[in-house]
Amino acid sequence: MKKKILALVLILLIAGLCAYFYITNKKDTSNELTLYGNIEIRQVDLSFQVAGLVSKLLKEEGDTVKKGELIAVMDESDYNANYKKAEAEVERTLANQKDAADKYKRYAPLGDDDTVSKQEVESLYNTQNRANADYNAAVANRDYLNNQLKYTKLYAPEDGIIMVRVQEPGSNVSKGQPVYTMAKTNPVWVRAYVNETDLGNIKYGDEVAVYTDTINPKTGKKREYKGQIGYISPVAEFTPKTVQSTDTRTNLVYRIRVYIYDIDEYLRQGMPVTIKVSLTKEK
């Protein structure tokens, strides 16, 4: 009997100590707003501006690219031939333009004393104008075909990471058909939702801490990032299905966007995160 009483006292003592340490070590979070959201990264489909045969794809999925870096090449033989033909047409029309201009300059004064008829002078004048128009059209066509030739090379529009390699060398693609899908490395933000009751405690420009579920092996803690509230929706909406529960599915919330400053390679599209907003700062 004494052993049972002693064991009961010991259990109560341990429970009391646990309760004491829990209460004394519990952080006061009444001055902190906790929100939950997901990482969002802008993605873009990269494609050639002309149709043709893909000859080289220089990047694989997961590769990092820099703005202006060459990432794919199309067979340019037909486009190059068309451009050379256009250059030859420019030279031909330029020669005709000079010839027409010289003839008009030489014969126009003779029309004043009727050595050359006025009708012939007018014909030479019109021929000169047609030669000028032909030359201008040839130049415009050459410039257009030069652009088409340049479009056989695909360059990265921004810094980013290749997410999907859609095509392979030897593929015939049409104009605008995706070749790669690229995720931009900047900006990276978090889409989150705040209840109407908490809306009055946040504003544009508020500094926040963002935590992922990944543990940093160097610190043994969750990875932490610094961010700023950059957007608060002016319109309320029902709690999204992705974050609904039986208690919140009828609640109205406001969508916010948190821009992350210290972006690194560990942030991924759709990754769930926790946002901590301090409410003790002067608003």
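The values are calculated or read from the model by the stated rules, or taken from the named source; none is laboratory data. Since this is a predicted model, take the numbers as computed values, not measurements. Note that we place each Cβ from the backbone using ideal geometry, even for glycine, and neighbour counts take in every protein chain shown. Areas reflect the complete protein model, heavy atoms only, side chains present, ligands, DNA and RNA absent. Shrake-Rupley method; radii C 1.70, N 1.55, O 1.52, S 1.80 Å.
Here are some notes:
- With all protein chains in place and ligands, DNA and RNA left out, the 1.4 Å accessible area ranks Arg257, Arg42 as Arg42, Arg257, largest first.
- Accessible-area composition of segment 181-240, carbon plus sulfur, in percent [1.4 Å probe]: 52 percent
- Between Tyr144 and Asn38, the simple label model (points 7 Å from Cα in the Cβ direction) yields a spacing of 4.5 nm.
- Each Cα pair under 8 Å and six or more residues apart adds its sequence gap; the mean of these over the residue count of segment 111-197 is a relative contact order of 21 percent.
- For segment 58-138, the number of Lys pairs separated by eight or more positions or lying on different chains, with C-alpha atoms closer than 25 Å, is 6.
- Going by accessible surface with a 1.4 Å probe and the largest first, Thr93, Thr274, Thr64 read Thr64, Thr274, Thr93.
- 11 Å beta-carbon shell around Leu267, net charge (K/R +1, D/E -1): -2
- Backbone HN-Hα couplings from phi across segment 214-231 [Karplus 6.51/-1.76/1.60, Hz, Gly and Pro as x]: 7, 8, 6, x, 6, 10, x, 10, 5, 5, 10, 10, 9, x, 8, 6, x, 7
- Reduced Cα scattering model of segment 39-89, Debye log10 I(q)/I(0), q = 0.21, 0.22, 0.27, 0.31 Å⁻¹: -0.91, -0.96, -1.16, -1.27
- Relative contact order for segment 28-118, counting Cα pairs under 8 Å that sit 6 or more residues apart, in percent: 17 percent
- For segment 111-165, the fraction of 1.4 Å probe accessible surface lying on carbon and sulfur atoms is 46 percent.
- Take Asp134: with every protein chain present and a 1.4 Å probe, its accessible area is about 90 Å².
- Cut-off under 5 Å, modelled amide H: who pairs with Val188 long-range: Ile260
- Rolled with a 1.4 Å probe across the full set of protein chains, the surface gives Met271 an accessible area near 40 Å².
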